[in-house]
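Have a look at the structure below, then the notes.
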Amino acid sequence: MTTMNPVKTRKNKVRDVMPGRHLQLWAARLGCTVLLSIGAVACGDDDEPAPTPAAGKGGSGAAGARAGASGSQAGSGGSGETPDCYEAPKTHLELINACTDAEKVEVDPDLPLLEPNGELPPLP
Amino acid sequence: MTLRTWCASALALALSIGASERVSAQPKCSDLPDPIYLQVGDTQEPLMKTLGRALRDSKARAMTLVYITTGSCTNIEAIYTGKKITSNPKYVPSSAEDPGWKTTDASPVCTIASEGHEVEVANSALFVSACNPDDAPAGIKLFQGPNQGYVFAVPEASDQRAITAEQAYFVFGFGSAGKITPWDDEAFYFIRTTTKSTLLALAANIRVPGQKWKGMQLDMSNQVVSGLTSSSDPPKSIGILGAEIYDRNRDKLNALAYRAYDQKYAYFPDSTATSFDKRNVRDGHYTPWSPTVWITKVDGDGKPTSVLADYLIRMILGEEATPKPDFEPLDSVIAVGLVPECAMSVTRTQEGGDLSPYEPAEPCGCYYDHKNSEGGTKCESCSDDKPCSKGTCRHGFCEAK
């Protein structure tokens with residue numbers, strides 16, 4: 001089931017213009033992502049169903065596995081192997097990121113209170 | 001007595017008689033044809049009106065829906081504890097009684113018995129466990145019905161199009177201190193009280209418990225609509241509504257697309273901002289939705305003890321009802337923006353919980369598309385004279401099974 005707070009958030013999409021603080025944060029996260037991804041590949045994770053990437057729909061690649069769940073964290077700036085969407089979704093993560101022709105809105109919110117490690121702070 | 005005095009007296013008498021006639025025109029609830037007493041969430045009032053009108057006019061099995069609207073958690077408690085309806089409820093008039101009445105009009109009111117009346121069917125517009133984690137008392141059963149979406153809404157004048165779960169976490173969990181532009185002033189958050197499904201359903205999705213929400217707590221959905229439409233600062237304003245309520249106010253408000261935790265894009269409840277097909281609720285791209293749950297007393301076999309409650313709940317759930325209704329109950333459910341279980345391809349087991357694939361036993365997705373999608377359905381049509389080449393003929397279309 002969904003993990004409760006603190007929650008590790010997915011990464012924001014990389015934009016052409018990025019504030020310095022966010023750039024540092026993004027770079028740190030990217031590094032962690034690469035390390036975690038290598039770890040995940042090395043260790044293997046048979047519990048996680050193999051994604052069915054949609055051919056020709058690749059973008060920046062974000063809809064990967066749940067952050068912190070399997071190590072194959074979604075996010076922009078990935079290696080390109082992470083599918084943009086899933087053709088045959090089975091898990092929650094795949095269902096919410098399934099391929100669709102529905103109208104979609106890309107959001108890149110500024111979250112000033114986000115923790116440096118990308119987690120949401122506890123509620124006051 | 002002068003002529004002027006006489007005329008004034010006569011006018012006063014006439015007005016007095018007219019006033020007393022209007023008062024006496026309010027019927028006793030018990031005098032209405034086959035009344036059934038319900039306590040429902042205010043997001044379900046469109047269903048009460050639409051289904052209620054068809055039921056009042058039914059030749060097969062007429063009944064009168066008599067209802068009050070309160071919060072889901074309050075409704076659950078009322079039927080669990082036997083708390084009676086004591087205030088004058090609304091009812092749905094028949095076409096013979098009020099030919100001009102429309103489902104967008106206010107429902108008339110009837111006079112409740114002095115001792116009140118028990119709640120025969122209660123409604124929760126979210127998983128009951130989100131209000132009360134205990135099992136239902138003996139002799140009371142929960143029937144899971146069609147699903148409803150919930151939306152974050154902004155005034156027409158706002159240029160915002162989407163909100164992420166993370167943004168909503170900071171907006172409603174931290175208020176002004178959350179520093180989320182443009183929603184950085186909690187005086188412009190129009191939310192609901194903590195017994196309402198709208199708040200609790202969205203709370204579970206953004207992971208901010210209902211008691212911790214910042215903003216102006218309002219009792220009724222129409223107060224949220226009014227707050228947003230009359231806001232002195234539309235760009236900073238945001239509110240929460242049931243999707244059916246939003247659908248009836250699209251000329252004044254915009255629903256925000258929502259991006260769940262771990263989701264790449266934000267989506268509207270419908271496949272586009274302007275459609276009504278609830279496709280993203282049905283397939284899991286839009287996660288803030290909950291089942292409506294219908295609660296009533298049952299016998300030892302789990303069958304409702306009230307014949308009227310049994311008939312009504314069967315229609316809401318899309319199950320076979322006897323006598324066969326002379327209208328299509330599914331149409332009433334679909335028309336008010338609810339998504340019947342038979343049109344869903346995802347499910348969940350708790351409020352805001354993870355989604356999993358779902359295959360209804362008797363799917364109705366083709367019929368739903370036919371009724372609600374701009375492009376109609378791509379499914380093959382069928383009838384007694386024109387059987388399906390494959391699949392099962394249901395509601396005039398060849399469903400997968």
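Quick check: anything in segment B:188-201 charged (D, E, K, R), part of a loop (DSSP other than H, G, I, E, B) and in contact with a Gly (Cβ under 8 Å, 6 or more places away or on another chain)? Within segment B:188-201, one or more residues are charged (D, E, K, R), part of a loop (DSSP other than H, G, I, E, B) and in contact with a Gly (Cβ under 8 Å, 6 or more places away or on another chain). Going by the conditions given, is B:SER94 closer than 30 Å to B:TYR150 by Cβ, touching a Lys or Arg at 6+ places or on another chain (Cβ under 9 Å), of a type in the set (Gly, Ala, Ser) and not in a strand (DSSP E or B)? For B:SER94, the condition - closer than 30 Å to B:TYR150 by Cβ, touching a Lys or Arg at 6+ places or on another chain (Cβ under 9 Å), of a type in the set (Gly, Ala, Ser) and not in a strand (DSSP E or B) - is not met. Just to be sure, is B:TYR311 within 28 Å of B:ALA78 (Cα to Cα) and more than 9 Å from chain A (Cβ to nearest Cβ)? Yes: the conditions hold for B:TYR311. The selection criterion, being facing chain A (nearest Cβ under 10 Å) and at negative phi, does not hold for B:SER231. Determine if segment B:249-264 includes at least one residue that is touching a Ser or Thr at 6+ places or on another chain (Cβ under 7 Å), among the charged types (D, E, K, R), within 22 Å of B:LYS278 (Cα to Cα) and surrounded by 24 or more Cβ atoms within 10 Å (Cβ to Cβ). Checking segment B:249-264: at least one residue is touching a Ser or Thr at 6+ places or on another chain (Cβ under 7 Å), among the charged types (D, E, K, R), within 22 Å of B:LYS278 (Cα to Cα) and surrounded by 24 or more Cβ atoms within 10 Å (Cβ to Cβ). Against the definition (hydrophobic (A, V, I, L, M, F, W, C) and not assigned by TED's automatic domain parsing to the domain that holds B:ILE191), how does B:ALA153 come out, yes or no? It is false that B:ALA153 is hydrophobic (A, V, I, L, M, F, W, C) and not assigned by TED's automatic domain parsing to the domain that holds B:ILE191. Out of the residues in segment B:272-288 that are more than 7 Å from every other protein chain (Cβ to nearest Cβ) and among the basic types (Lys, Arg), state the one that is farthest from B:ALA243 (Cα to Cα). Looking at residues that are more than 7 Å from every other protein chain (Cβ to nearest Cβ) and among the basic types (Lys, Arg), I get B:ARG282. Looking across segment B:202-220, the residues that are in a loop (DSSP other than H, G, I, E, B) and in contact with a strand residue (DSSP E or B) (Cβ under 9 Å, 6 or more places away or on another chain) come down to B:TRP213, B:LYS214, B:GLY215, B:ASP219, B:MET220.
Screening segment B:167-187 for residues that are among the hydroxyl-bearing types (Ser, Thr, Tyr) and surrounded by fewer than 17 Cβ atoms within 10 Å (Cβ to Cβ) and picking the one that is nearest to the other protein chains (Cβ to nearest Cβ) gives B:THR181.
For segment A:99-124, a residue qualifies if it is within 7 Å of another protein chain (Cβ to nearest Cβ) and aliphatic (A, V, I, L, M), and the qualifying residues are A:ALA102, A:VAL105, A:VAL107, A:LEU111, A:LEU113, A:LEU120, A:LEU123.
The values are calculated or read from the model by the stated rules, or taken from the named source; none is laboratory data. Bear in mind that the values here come from a model prediction, so they are computed numbers and not experimental data. With ideal geometry, Cβ positions are generated from the backbone for all residues, glycine too; neighbour counts draw on all protein chains shown.
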